[in-house]
Amino acid sequence: MRLAQAGDKLLYESVLREIMPMLYNFFRKFSYSKAVDVEELVQETMLAIHQASHTYNSDRPIKPWIFAIAGYKLKDCLRVVYRKKKLIEVDFVDVENALFEEDSPQLEGPESLDQMLEILPKNQREIVYLLKIKGNSLQEVANQLNMSVAAVKVAAHRAYKVLIKKYRIK
Amino acid sequence: MPKEVNEEFIKNLAKQGAKKPIYKPQKQMLLWTMVMIFYASLIFIFLGFRADLSQKIQDIFFDLEIFLILATSVSAAFAASFLTLPDINQKPVIKKIPFIFLFLLCAVIVLQYFMQGSSAVDDICGGSNYQCALAIVIFAIIPSLIFFVILYRAATLNSALAGFMIGLCGGSFSYFLLRLVHSTEDVTHLFMWHFIPVFFVTIISTIIAKLVVKRI
C-alpha cells in the first residue's frame with residue numbers, strides 16, 4: 001500500500017484485489033438478513049477505502065485500517081435497514097383507510113419522484129429510472145445505455161449518494 | 001455479482017490511483033507544537049506575562065493547574081490528530097487520556113476552592129468578567145483551526161469526537177495562555193469565566209465538526 005500511495009497503480013490494483021475477498025468474508029457474517037446487500041456493501045466499502053487511501057499510515061498494519069472502514073460502512077448500512085424497518089411498522093388500519101380514500105392528494109414538491117430525480121445529471125437520472133422505477137437488472141440497463149455493468153453501478157452509486165445527501169437532510 | 005463486474009470496478013478504481021498520504025499524526029503534532037510555540041510567544045510579547053507570575057510559580061496549586069491544563073491540551077491534540085485517521089492510528093486508548101487530565105484539573109480547582117475560599121457567584125457576575133470568556137474563545141481559534149484543516153482533508157469516522165478533541169485542545173490551550181497573561185486569584189471567577197468557556201468552545205467545535213466534516 002505504501003508503494004501504491006507513492007503512485008504505483010499496478011500495485012494499487014493488486015492491493016484492491018486482495019482487499020475485496022476479505023470484505024466479502026467480513027460482510028457475509030452479517031448476511032443472515034436479506035436486507036443487507038453484501039455486494040453493494042463491498043462496493044461501497046471499496047469506494048470508501050479508495051477515497052480514504054491517503055489516511056493509511058504505512059507504519060501500521062493495513063487490516064485494522066480496512067476493517068475500521070468496513071465496520072463503519074456496516075453500521076451505516078444497518079442504520080438504514082433499521083430505519084426502513086421502522087418505516088414499515090405502520091398501523092394496518094391506517095393503510096386500509098388511506099387505500100379506500102376517494103381522492104388521495106397528489107404529491108407535490110420534492111415528494112414527486114420526477115422532481116426528486118431532476119437534480120441528477122441526465123445519464124444518472126436515466127440509470128436510476130431504469131433500475132429502480134422500471135425494475136431492470138444491471139445487465140439490461142447496461143445493454144440499453146451501451147455502457148459496461150461496472151460503469152452503470154458506479155453511476156448509480158453516485159446518483160444514490162446525491163439523492164441521499166439532498167433528501168436525507170430534509 | 002459476476003466476477004467481471006468486480007474486475008472492472010477494481011480496474012476503474014486502480015486507474016484513478018491511491019491518493020498521496022497525509023501527514024502522519026506525529027508530524028501533525030510536531031507542526032501543531034511549533035505553531036503553538038510561535039503563537040504563545042506572540043501573545044506573551046504583545047500582552048506580557050502577569051505581574052505576579054514569579055510569586056504564583058511557587059504556589060503548588062497554580063503549578064498543578066498549569067501542568068494539567070497543558071497536559072489536557074497536548075493530549076487532546078494527540079487524540080485529535082489520531083482521530084483524523086479512520087483507525088485512530090490503531091491506538092484507541094489515546095482518546096481517553098485527555099479526560100483523565102481534565103478530571104484531575106477539576107479536582108485541583110475544587111480543592112483550591114475549599115483550601116483558599118472564593119467569592120460568591122453573584123459577586124463575579126457582570127462587569128468586565130465576560131472579557132475572560134471572550135479571550136478564551138478568541139485565543140482558541142488558531143489552535144483549533146489547524147486541526148480543522150487537517151480533519152477536513154483526512155477521513156475521520158467519528159467527526160463529533162474529533163471535533164470535541166479539537167475544541168478541548170484549543171480551549172485548554174487558550175486557558176493556559178490566559179492563566180499566564182491575566183492575574184486572577186478567585187476560584188469562582190476561574191471556574192465560571194475560564195473553565196466553563198473551554199467547554200463552550202468544545203461544544204461549538206463538536207457541532208462544527210459534525211456539520212462540516214465530510215463522510216467517507
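Points to keep in mind about this one:
- Some residue of segment B:59-79 being modelled with pLDDT under 90 and either within 20 Å of residue B:201 (Cα to Cα) or under 14 Å from the mean Cα position of the chain (by Cα) (or both): no
- Residue that is farthest from residue A:18 (Cα to Cα) [pool: residues in segment A:59-83 that are touching an Asp or Glu at 6+ places or on another chain (Cβ under 7 Å) and at the interface with chain B (Cβ under 7 Å from one of its Cβ atoms)]: A:68
- Counted residues, segment B:187-216 - those being open to solvent by less than 20 Å² (accessible area, probe 1.4 Å), away from chain A (no Cβ under 14 Å) and more than 12 Å from residue B:165 (Cα to Cα): 7
- Selection within segment A:1-58 - more than 9 Å from chain B (Cβ to nearest Cβ), open to solvent by less than 20 Å² (accessible area, probe 1.4 Å) and farther than 12 Å from residue A:70 by Cβ: A:36
- For segment B:42-58, the set of residues classified as closer than 16 Å to residue B:179 by Cβ and free of Cβ contacts under 8 Å to residues at least 12 places away in the same chain consists of B:54, B:55, B:56, B:57, B:58, listed by residue number.
- Residue within segment B:173-186 that is within 14 Å of chain A (Cβ to nearest Cβ) and either surrounded by 24 or more Cβ atoms within 10 Å (Cβ to Cβ) or in contact with a His (Cβ under 8 Å, 6 or more places away or on another chain) (or both) present: no
- Selection of first residues in segment B:17-37 that are more than 24 Å from residue A:51 (Cβ to Cβ) and among the β-branched types (Val, Ile, Thr) and of second residues that are in a helix (DSSP H, G or I) and open to solvent by 70 Å² or more (accessible area, probe 1.4 Å), restricted to Cβ pairs under 8 Å at least 6 apart or on distinct chains, gives the following pairs, ordered by first then second residue: B:35/B:142.
- In the condition set (1) modelled with pLDDT under 90; (2) within 30 Å of residue A:58 (Cα to Cα), residue B:126 is compliant with all but (2).
- Total residues in segment B:157-172, condition open to solvent by less than 10 Å² (accessible area, probe 1.4 Å) and within 14 Å of chain A (Cβ to nearest Cβ): 1
- Counting only helices (runs of 4 or more DSSP H) that sit wholly inside segment A:110-150, those with at least 2 residues that are away from chain B (no Cβ under 14 Å) and open to solvent by less than 40 Å² (accessible area, probe 1.4 Å) are A:122-128.
- A single member of A:84, A:75, A:9 is modelled with pLDDT under 80 and of a type in the set (D, E, K, R), and it is A:84.
- Complete set of residues in segment B:154-195 that are assigned to a loop (DSSP other than H, G, I, E, B) and among the hydroxyl-bearing types (Ser, Thr, Tyr): B:156, B:183, B:184
- Test for residue A:159: is it at pLDDT 85 or above, away from chain B (no Cβ under 14 Å), under 19 Å from residue A:41 (Cβ atoms) and part of a helix (DSSP H, G or I): yes
- Residues of segment A:5-19 classified as in a helix (DSSP H, G or I) and more than 11 Å from residue B:10 (Cβ to Cβ), total: 4
- Residue check for residue B:1: out of contact with any His (no Cβ under 8 Å at 6 or more places or on another chain) and at pLDDT 85 or above: no
The values are calculated or read from the model by the stated rules, or taken from the named source; none is laboratory data. As the structure is a computational prediction, the values presented were derived from the model and not from experiment. Every residue, glycine as well, gets a Cβ built from its backbone with ideal geometry; the counts of neighbours run over all protein chains shown. Surface areas here come from the heavy atoms of the whole protein model, side chains and all, with no ligands, DNA or RNA. Shrake-Rupley method; radii C 1.70, N 1.55, O 1.52, S 1.80 Å.
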